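Here's the structure, in structure tokens; my notes come after.
The values are calculated or read from the model by the stated rules, or taken from the named source; none is laboratory data. These numbers were taken from a predicted model, which means no experiment stands behind them. Because the Cβ atoms are built from the backbone with ideal geometry, glycine has one as well, and the counts that use them run over all protein chains shown.
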Amino acid sequence: MDHANRTNTDLQKALKRLQQNVAELQAQVEHEQQQRDEAREAAISAERRANLIVGELEELRTALEQAERARKAAETELHEAADRISEVSTQNATLSSQRRQLESTVTAMQSDLDEAVSELRNIEERCKKSGKSISKLDFLFFFDE
């Protein structure tokens, strides 16, 4: 009986150890399940963030493309404006040259006009003198007859 009691005691100890091992294993399984669930939630959260980031990336790419098109359009407009400024500057220089030529021509014509007016006055004076002289000569000629 002693032997049976000892065997019973040993079996109870073994049972306790096995129950303790089962409890520890069950706690470990629960802990690992909790970690798995947390990892799954983290993965889902990371996937959501990744999807948001992909969406934002697409929006940024679209915005970049629009900005690039706007930059190219602005560069084209700038080149066109520079060309137009060059054309206008050339026209301005041409017009300025023509204006100086016209001013020179007007000055020469004014000088010619002043000279012609002066000559006309001189001729008028001579005509008046000649007219007086002719009147005197007519008068003298008339009395000489």
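Couple of notes before you dig in:
- Only one of the listed residues (Glu56, Glu30, Glu47) is modelled with pLDDT of 95 or more and either of a type in the set (Val, Ile, Thr) or more than 47 Å from the chain's Cα centre (by Cα) (or both). That residue is Glu30.
- Residue match in the range 65-79 (condition: in a helix (DSSP H, G or I) and exposed (fewer than 10 other Cβ atoms within 10 Å of the Cβ)): no
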